[in-house]
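The values are calculated or read from the model by the stated rules, or taken from the named source; none is laboratory data. Keep in mind it's a predicted model, so treat the numbers as computed, not measured. Here Cβ is always computed from backbone atoms with ideal geometry, including for glycine, and neighbour counts include all displayed protein chains. Surface accessibility is based on the protein's heavy atoms, side chains included, excluding ligands, DNA and RNA. Shrake-Rupley method; radii C 1.70, N 1.55, O 1.52, S 1.80 Å.
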Amino acid sequence: MDLLQLPAGALCTLVGPPGSGKSTFAARYPDSWRVCLDVYRRLATDSEADQSATPVAAEIQNLLLDARLSRGLNVLVDSTNVLVHVRAGLLARARYWQRPAVAVLFDVPLATVDAQNAGRDRVVPLHIVREHHQLLPTVDQLRAEGFASVHLASDLTAGVPL
């Protein structure tokens with residue numbers, strides 16, 4: 001089910017802490033659209049949690065972003081993306097390829113995020129989840145950074161479990 005009608009060739013950045021529903025949301029789109037640092041860390045080290053593989057995972061992600069954006073194909077960035085410099089890099093790629101940049105902000109209450117994280121196969125330590133939740137930008141911040149449109153996950157998934 002396509003919950004969000006993306007413009008052709010869009011870079012769609014999912015922004016939210018671990019356990020907020022980003023991967024569940026991304027699974028509603030074609031698998032070929034999704035780029036995910038967790039997947040590339042697992043491919044490099046057999047562990048999604050091995051943060052030492054993040055530089056390699058980021059290189060893989062950037063290659064795939066360029067491959068898709070250069071062809072005008074939609075791409076969903078399924079990572080936390082809570083850090084300003086990470087989003088700036090994604091926006092720079094979208095600008096370089098002259099593609100629209102869309103953000104989906106996972107405005108999920110901390111209690112819900114904690115509960116969903118606890119039910120995952122790979123539970124992220126609580127202090128990291130809470131730190132990422134505190135780093136969430138506002139809609140206005142995302143617009144000011146350069147996203148052409150910003151959507152709240154709560155609006156897109158009303159009545160649909162994440």
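Just to be sure, is Ala8 of a type in the set (Gly, Ala, Ser) and in a helix (DSSP H, G or I)? Working first, answer last.
On the way: of a type in the set (Gly, Ala, Ser): yes; in a helix (DSSP H, G or I): no.
For Ala8, the condition - of a type in the set (Gly, Ala, Ser) and in a helix (DSSP H, G or I) - is not met.
Of all residues in the range 98-112, those that are in contact (Cβ under 8 Å) with a residue 40 or more places away in the chain have Cβ atoms under 6 Å from Cβ atoms of residues that are aliphatic (A, V, I, L, M) and open to solvent by 20 Å² or more (accessible area, probe 1.4 Å), 6 or more apart or on another chain, in Pro100/Ala148; Ala101/Ala148; Leu105/Leu152; Asp107/Leu152. Among the residues of the range 136-155, those that are under 17 Å from Gly21 (Cβ atoms), touching a residue at least 24 places away in the same chain (Cβ under 8 Å) and surrounded by fewer than 16 Cβ atoms within 10 Å (Cβ to Cβ) comprise Leu152, Ser154.
Has the range 73-96 got any residue that is on the phi > 0 side of the Ramachandran plot and open to solvent by 50 Å² or more (accessible area, probe 1.4 Å)? There is no residue in the range 73-96 that is on the phi > 0 side of the Ramachandran plot and open to solvent by 50 Å² or more (accessible area, probe 1.4 Å). Within the range 114-129, is even one residue surrounded by fewer than 13 Cβ atoms within 10 Å (Cβ to Cβ), at pLDDT 90 or above and not β-branched (Val, Ile, Thr)? Checking the range 114-129: not a single residue is surrounded by fewer than 13 Cβ atoms within 10 Å (Cβ to Cβ), at pLDDT 90 or above and not β-branched (Val, Ile, Thr).
Can you confirm whether Leu105 is modelled with pLDDT under 95, under 17 Å from Leu152 (Cβ atoms) and either open to solvent by less than 30 Å² (accessible area, probe 1.4 Å) or not polar (S, T, N, Q) (or both)?
Working: modelled with pLDDT under 95: no; under 17 Å from Leu152 (Cβ atoms): yes; either open to solvent by less than 30 Å² (accessible area, probe 1.4 Å) or not polar (S, T, N, Q) (or both): yes.
No.
Residues in the range 11-57 that are more than 21 Å from Val113 (Cβ to Cβ) and in a strand (DSSP E or B): Leu11, Val35. Residues of the range 53-91 that are charged (D, E, K, R) and over 17 Å from Tyr29 (Cβ atoms): Glu59, Asp66, Arg87.
Scanning the range 1-20 for residues that are touching a His at 6+ places or on another chain (Cβ under 8 Å) and hydrophobic (A, V, I, L, M, F, W, C) gives a single hit, Leu4. Checked against (1) without any contact (Cβ under 8 Å) to a residue 60 or more places away in the chain; (2) buried (at least 23 other Cβ atoms within 10 Å of the Cβ), Thr45 meets all criteria but (2).
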